[in-house]
1. Considering the range B:28-63 alone, what residues qualify as being closer than 16 Å to B:ALA134 by Cβ and of a type outside the set (A, V, I, L, M)?
2. Would you confirm whether or not the range B:53-73 contains a residue that is under 23 Å from B:HIS183 (Cα atoms) and crowded, with 19+ Cβ neighbours inside 10 Å?
3. So B:VAL187 passes all but one of these: (1) facing chain A (nearest Cβ under 8 Å); (2) under 13 Å from A:THR198 (Cα atoms); (3) not basic (Lys, Arg). Which condition number does it fail?
4. Pull up the range A:39-52, narrow it to residues that are open to solvent by 60 Å² or more (accessible area, probe 1.4 Å) and within 27 Å of A:PHE140 (Cα to Cα), then point me to the one that is farthest from DNA strand D (Cβ to nearest atom).
5. I'd like to verify a number: residues in the range B:140-152 that are in contact (Cβ under 8 Å) with a residue 60 or more places away in the chain and either of a type in the set (A, V, I, L, M) or within 11 Å of chain A (Cβ to nearest Cβ) (or both), how many?
6. One residue is enough: does the range B:63-74 have a residue meeting the conditions within 16 Å of DNA strand C (Cβ to nearest atom) and in contact with a Ser or Thr (Cβ under 7 Å, 6 or more places away or on another chain)?
7. Run down A:GLY189, A:GLY173 and say which single residue is open to solvent by less than 20 Å² (accessible area, probe 1.4 Å) and closer than 26 Å to B:ASN138 by Cα.
There are 2 protein chains.
Amino acid sequence: MSLIPIRPGAQSGGGRPAAPAAETGRRDAARNRELLLCAAREIVGESSVDALTMDRLAQRAGVGKGTVFRRFGSRAGLMMALLSDAEAEFQGRFMFGPPPVGPGAPPLERLIAVGAARIAWTLEFGELARAADASAYNRFDVPPAVLWHRHLEMLLRDAGVTADPRLMASALGAALEPELLLHSVGVHGIAPERLAETWRELVTRIVGGH
Amino acid sequence: MSLIPIRPGAQSGGGRPAAPAAETGRRDAARNRELLLCAAREIVGESSVDALTMDRLAQRAGVGKGTVFRRFGSRAGLMMALLSDAEAEFQGRFMFGPPPVGPGAPPLERLIAVGAARIAWTLEFGELARAADASAYNRFDVPPAVLWHRHLEMLLRDAGVTADPRLMASALGAALEPELLLHSVGVHGIAPERLAETWRELVTRIVGGH
DNA sequence: ATGCTAAACGGACTGCGGTCCGTTTATATT
DNA sequence: AATATAAACGGACCGCAGTCCGTTTAGCAT
């Protein structure tokens, strides 16, 4: 179940139809949607995210290419759809899960914990996340990203950061972007623990704790 | 004059030739390089960065498409070449320019000032910078980016940040990435001064100043 | 001047994301 | 069951970045 409905085709820029998520509309549409997601997971599983081209996907699923774009709007939209479960699970953890990531722990502790969790999550699903981001201007305005930033903002407020917590959250959030994390680990071989440690240092200093 | 030689074709990934920057090699090559840069600036000036396609550029400059790619390696490489002057000027400012951006001021002041300068710079050349970034994994490993991060790292050290200043610099640098800044200003209408103010708050808290 | 060779050239070609539009079909209505 | 219609379908088509390879040429050696 999706806590925030992730509607892949909902990019503000382009396609009118705003692809319906599941249960609505015609039966064959829903069937094809599942067919496509399934085939997409197969391709990613067998090869890599890069190997997932829209043509190949259409062929594999036995549908026309137009159908793929009708369902998901764009390649990035498809990637978001593939991520949606993992994303929802992560959202659930920081919103309703057990402390220190979920509510119940002091704000600073939560910030530290949720950052570490985000790092781990990104390293697990990062390739998909990167492909989902790779799109356009609205990268930061997609529902899960908005929720995530709002959550950081709230934690900052709770921790007593009064100066423009919204922008502070953006700035801080930038330190956890998939691009950066994947690059640090993948190219420079930084250990994930060091990233988490740096994040701890960062937020600790920012909320003035210590 | 370029403080750090920016060699557009030097992406570690692909093209072997690593396009020679100016004065080396054959005369016609150099001439075509200038021809292309000139035509590129024309196109960008008349329309926009997005309107600068490699085909159009080749046609406009009256050379073959192969030549464009031989010179610049990729679209991103071309963008870097277009940025190179502005980039070098900015480098000069924070390395040798007058305080507080250049050397001479206390580290925290320099951090604050250089961040503000970077924000202004990005808002001026951001579209090019975005197009130059838009490439690959090595976005952070291109010479100007490396120099910039190293500089932040040095300032952090000078300011007494002892815990993993390298990663701290990456994290902080992420808050100044073109994507984020352009999005804040362009989509959400945040005033540049607020961005600079947030940066000030951020680094002040991090170096434990005040 | 002539010839040699490495380098530069140009444009046809590939694979990709994304669009368009004529055709088919699921479903509601009678 | 027959019909209507909005929706979904499929694949030809477009423009793009990037590659490949046969052809041309600049600059040097003789």
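1. Listed by number, the residues that qualify are B:SER48, B:ASP50, B:THR53.
2. no
3. Condition not satisfied by B:VAL187: (2).
4. Here the residue is A:ARG41.
5. 3
6. Within the range B:63-74 (the criterion being within 16 Å of DNA strand C (Cβ to nearest atom) and in contact with a Ser or Thr (Cβ under 7 Å, 6 or more places away or on another chain)), the answer is yes, since at least one residue qualifies.
7. Numbers: A:GLY189 fails: open to solvent by less than 20 Å² (accessible area, probe 1.4 Å).
Exactly one residue qualifies, and that residue is A:GLY173.
Per-residue answers, yes or no, for (1) more than 7 Å from every other protein chain (Cβ to nearest Cβ); (2) out of contact with any Cys (no Cβ under 6 Å at 6 or more places or on another chain); (3) among the β-branched types (Val, Ile, Thr); (4) part of a helix (DSSP H, G or I):
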{"residue": "A:MET154", "(1), (2), (3), (4)": "yes, yes, no, yes"}
{"residue": "A:GLY160", "(1), (2), (3), (4)": "yes, yes, no, no"}
{"residue": "A:ALA163", "(1), (2), (3), (4)": "no, yes, no, no"}
{"residue": "A:MET168", "(1), (2), (3), (4)": "no, yes, no, yes"}
{"residue": "A:LEU172", "(1), (2), (3), (4)": "yes, yes, no, yes"}
{"residue": "A:LEU176", "(1), (2), (3), (4)": "yes, yes, no, no"}
{"residue": "A:LEU180", "(1), (2), (3), (4)": "no, yes, no, yes"}
{"residue": "A:HIS183", "(1), (2), (3), (4)": "no, yes, no, yes"}
{"residue": "A:GLU193", "(1), (2), (3), (4)": "yes, yes, no, yes"}
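The values are calculated or read from the model by the stated rules, or taken from the named source; none is laboratory data. Please read these numbers as outputs of a predicted model, since none were measured by experiment. Glycine gets a Cβ as well: all are built from the backbone with ideal geometry, and neighbour counts include every protein chain shown. Only protein heavy atoms, including side chains, enter the accessible area calculation; ligands, DNA and RNA are left aside. Shrake-Rupley method; radii C 1.70, N 1.55, O 1.52, S 1.80 Å.
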